[in-house]
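Q: Quick one: the structure is below, questions incoming.
The values are calculated or read from the model by the stated rules, or taken from the named source; none is laboratory data. All values reported here derive from a predicted model rather than from experimental measurement. Cβ atoms come from the backbone with ideal geometry, glycine included; neighbour counts cover every protein chain shown.
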């Protein structure tokens, strides 16, 4: 099945649609194209983040519907005008959050194309009871109010920054799904010894590049003998005690129980 995946904002969930209109017109949609779509939340302008074949629908998707139409420059201008008061909306919502003493940090806001819905994005350490906040905002703006909790990684993705590599953050440039990043990845890539400060990104969490490079390390590791296994070298047989994954070499201990004699052996020079 041909599908497109779209997002209303970089921090919101994605939705699946057919790359065609309700009248059956097939559209040649590509990444970054804008479309007008309708969901249970209402009508909005969305950005295409993926187009391709889908063998089966995700478990949480019951049906893939067509889009209303491809967005026009006038549609995009309308959304810009609708959201021109973002700064004021954020400030007013922050004042309400402060008044209600809610443990949350507001980071972004989005008003829908149909002008019926306002979605506020926030980060928090845990669950937040924001029912009173929603009531207050709904009464004030006379619109449907949605509060959407995101992670600290999403905050960095929205605001943007320059990474330690000197380039814009990967999550800002092209990572549609941030994915999980674990300390095990740092161990697999033999950089855990660098410490949390050097391995943390602008968001304060482990750098996304650990996730990005993990598949390469796992593929290279398949070619290396297991730690603790016996290994023959030109100097004799020993035990593998360490890996140099990118170099394609291993540390082999040729010593005895009372003596350590570790040498580094490139796999393409073993005997």
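Q: Just one of 89, 106 is in contact with a helix residue (DSSP H, G or I) (Cβ under 9 Å, 6 or more places away or on another chain), without any contact (Cβ under 8 Å) to a residue 40 or more places away in the chain and assigned to a strand (DSSP E or B); which is it?
A: Testing whether each residue is in contact with a helix residue (DSSP H, G or I) (Cβ under 9 Å, 6 or more places away or on another chain), without any contact (Cβ under 8 Å) to a residue 40 or more places away in the chain and assigned to a strand (DSSP E or B) leaves just 106.
Q: Next question, about the same structure. For residues that are in contact with a strand residue (DSSP E or B) (Cβ under 7 Å, 6 or more places away or on another chain) and over 13 Å from residue 39 (Cβ atoms), scanning just segment 10-22, find the one that is surrounded by the fewest Cβ atoms within 10 Å (Cβ to Cβ). Break it down into steps so the answer makes sense when it comes.
A: Kept after step one, since they are in contact with a strand residue (DSSP E or B) (Cβ under 7 Å, 6 or more places away or on another chain), are these residues of segment 10-22: 11-12, 14-22.
With over 13 Å from residue 39 (Cβ atoms) added as a condition, the list becomes 11, 18-22.
Values: 11: 21, 18: 17, 19: 21, 20: 16, 21: 16, 22: 12.
Filtering segment 10-22 for residues that are in contact with a strand residue (DSSP E or B) (Cβ under 7 Å, 6 or more places away or on another chain) and over 13 Å from residue 39 (Cβ atoms), the one surrounded by the fewest Cβ atoms within 10 Å (Cβ to Cβ) comes out as 22.
Q: Can you list residue pairs whose Cβ atoms sit under 6 Å apart, with the first residue in segment 214-228 being in contact (Cβ under 8 Å) with a residue 60 or more places away in the chain and the second being exposed (fewer than 11 other Cβ atoms within 10 Å of the Cβ)? Count only pairs 6 or more apart in sequence or on different chains.
A: none
Q: Do you know which residues across segment 34-58 are under 21 Å from the mean Cα position of the chain (by Cα) and over 20 Å from residue 114 (Cβ atoms)?
A: Matches in segment 34-58: 49, 50, 51, 52, 54, 57, 58.
Q: State all residues of segment 221-271 that are buried (at least 16 other Cβ atoms within 10 Å of the Cβ) and out of contact with any strand residue (DSSP E or B) (no Cβ under 8 Å at 6 or more places or on another chain); if no residue qualifies, say none.
A: Listed by number, the list holds a single entry, 245.
Q: For segment 171-178, does any single residue satisfy the condition of being at pLDDT 80 or above, surrounded by 11 or more Cβ atoms within 10 Å (Cβ to Cβ) and more than 30 Å from residue 265 (Cα to Cα)?
A: No, there is no match, as no residue in segment 171-178 is at pLDDT 80 or above, surrounded by 11 or more Cβ atoms within 10 Å (Cβ to Cβ) and more than 30 Å from residue 265 (Cα to Cα).
Q: Can you pull out the residues in segment 127-163 that are touching a helix residue (DSSP H, G or I) at 6+ places or on another chain (Cβ under 9 Å) and outside any helix (DSSP H, G or I)?
A: Those that are touching a helix residue (DSSP H, G or I) at 6+ places or on another chain (Cβ under 9 Å) and outside any helix (DSSP H, G or I): 130, 143, 144, 145, 146, 147, 150, 160, 161, 163.
Q: Identify the residue in segment 59-86 that is under 26 Å from the mean Cα position of the chain (by Cα) and assigned to a loop (DSSP other than H, G, I, E, B) and, among all such residues, is surrounded by the most Cβ atoms within 10 Å (Cβ to Cβ).
A: Per the stated criteria, the residue is 71.
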